[in-house]
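Here's the structure we're looking at; comments come further down.
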Amino acid sequence: MLQMVQKRFLQIARNIPEMRQFRNNLERSKTVGFVPTMGALHSGHLSLIERATKENDFVIASIFVNPTQFSAGEDLDKYPRTVEKDLEMLRSLNVNYVFLPSTSEIYGTNPLCHVEPAAFSKIYEGAKRPNFFSGVATIVCKLFNIVQPTVSYFGQKDISQFILLRRMVDDLNIPVIVKASPTLREADGLAMSSRNVYLNEKERVASSILVKALQAAVDTCELSSTGSTSSTEMIDAARNILAQEPLVSEIQYISVASPHDMSELSTANTQDGAVISAAIKVGSVRLIDNLLVGQAKKIIYGF
Ligand code: PAF
């Protein structure tokens, strides 16, 4: 009965005590699925929420544009903020509670402690975005402590974020199951992202080159007679495709990495699996995407 009443209304918590009270009122035997977001919700988020709804008794989402994961010169100020529209979407999806805190509610003044995933500052995405992984690990750790979910859902699109968070709960003994869901794509293959709104019409068309380049790299490995190939060959295959699109203004990195910890691999094989990921700029818009090679699918999804 409680569940039916809760499922009918989206309740909003703007501070930590309210969020904790809602959580404490739920029977401990019930499962809580949690989808943390920075808002500007798109179909990718909605699919995470739908999955959380199917797999859990209660669903909590959060909307918080986390300043600590942005580095100087990134798009913190212009990051799309569409809270009213987001709340409408969450209402239509049977989400029970949304946590919508302010920055001061989350960080207070002068916090002393944060989570520092040292090895991740050395991977390509970490080098390009120096604050990103520490900011993400810290906010997700805080959200897990506040919301205390059973399971939390993240998109494969931010694969290094997902691998980091799965390692974080393991390394720090945080009792939350971290699950990945496949990247949702537009009809031409472009990975859905809140930042796609920055693309103009021509850039939007050009952007589908990224997944094609990654697929060429995957094929180089998966279709080879041994199921094994050097990372250089895979990266060259991706570069050759990207070179065909004049609107690609920068290739920040193309990486072939371990699905366990995103450490770089010199060769990839289908048996051990690999993650091929890239960050490029189309015009001035930064895009990231990744595909999984061979057994990496089993490692990321568990089946
Ligand atoms: O993927 C995102 O939207 C963010 O990095 C997250 C996980 C909500 C943390 O701010």
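The values are calculated or read from the model by the stated rules, or taken from the named source; none is laboratory data. Not measured: the values here are computed from a predicted model. Reconstructed Cβ throughout: ideal geometry from the backbone, glycine too, with neighbour counts over all protein chains shown. All accessible areas refer to the heavy atoms of the entire protein, side chains included, with ligands and DNA or RNA removed. Shrake-Rupley method; radii C 1.70, N 1.55, O 1.52, S 1.80 Å.
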Considering each of Y124, Y153 in turn, give the residue that is touching a Ser or Thr at 6+ places or on another chain (Cβ under 7 Å), open to solvent by 30 Å² or more (accessible area, probe 1.4 Å) and not polar (S, T, N, Q). Y124
Quick one: how many residues across the range 25-65 are open to solvent by 10 Å² or more (accessible area, probe 1.4 Å), within 16 Å of the ligand (Cβ to nearest atom) and assigned to a loop (DSSP other than H, G, I, E, B)? 6
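Residue under question is L90, and the condition is that it be without any contact (Cβ under 8 Å) to a residue 24 or more places away in the chain, closer than 29 Å to V197 by Cβ and within 16 Å of the ligand (Cβ to nearest atom); does it hold? Steps first, answer last, please.
On the way: without any contact (Cβ under 8 Å) to a residue 24 or more places away in the chain: no; closer than 29 Å to V197 by Cβ: yes; within 16 Å of the ligand (Cβ to nearest atom): yes.
Spelling it out, it is not the case that L90 is without any contact (Cβ under 8 Å) to a residue 24 or more places away in the chain, closer than 29 Å to V197 by Cβ and within 16 Å of the ligand (Cβ to nearest atom).
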Under 6 Å by Cβ, and 6 or more places apart or on different chains, what pairs join a residue from the range 180-209 that is over 20 Å from Q244 (Cβ atoms) and open to solvent by 30 Å² or more (accessible area, probe 1.4 Å) with one that is hydrophobic (A, V, I, L, M, F, W, C) and more than 16 Å from the ligand (Cβ to nearest atom)? Y198/V285
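Given the criteria within 16 Å of the ligand (Cβ to nearest atom), over 24 Å from E186 (Cβ atoms) and part of a loop (DSSP other than H, G, I, E, B), does S71 qualify?
Working: within 16 Å of the ligand (Cβ to nearest atom): yes; over 24 Å from E186 (Cβ atoms): yes; part of a loop (DSSP other than H, G, I, E, B): yes.
Yes: the conditions hold for S71.
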Mind checking which pairs have a first residue in the range 163-174 that is within 16 Å of A296 (Cβ to Cβ) and a second that is open to solvent by less than 70 Å² (accessible area, probe 1.4 Å), Cβ under 6 Å, 6 or more apart or different chains? I163/M262; L164/P117; L164/F120; L164/F133; R166/V178
Of the numbered conditions (1) at pLDDT 95 or above; (2) surrounded by fewer than 22 Cβ atoms within 10 Å (Cβ to Cβ); (3) within 24 Å of D75 (Cβ to Cβ), Q148 fails exactly one; give the number of that condition. (3)
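Given the options V169, V248, name the one that is farther than 17 Å from L292 by Cβ, under 20 Å from the mean Cα position of the chain (by Cα) and open to solvent by less than 30 Å² (accessible area, probe 1.4 Å). Give the derivation first.
Numbers: V248 fails: under 20 Å from the mean Cα position of the chain (by Cα).
When all the criteria are applied, what remains is V169.
Among the residues of the range 160-181, which ones are of a type in the set (V, I, T) and either within 11 Å of the ligand (Cβ to nearest atom) or closer than 17 Å to L143 by Cβ (or both)? Can you show your working first?
Narrowing the range 160-181 to residues of a type in the set (V, I, T): 163, 169, 174, 176-178.
Selection gives V169, I174, V176, I177, V178.
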Mind checking whether some residue in the range 211-220 is open to solvent by 30 Å² or more (accessible area, probe 1.4 Å) and assigned to a strand (DSSP E or B)? no
Return yes or no: is E203 closer than 29 Å to T37 by Cβ, acidic (D, E) and part of a strand (DSSP E or B)? no
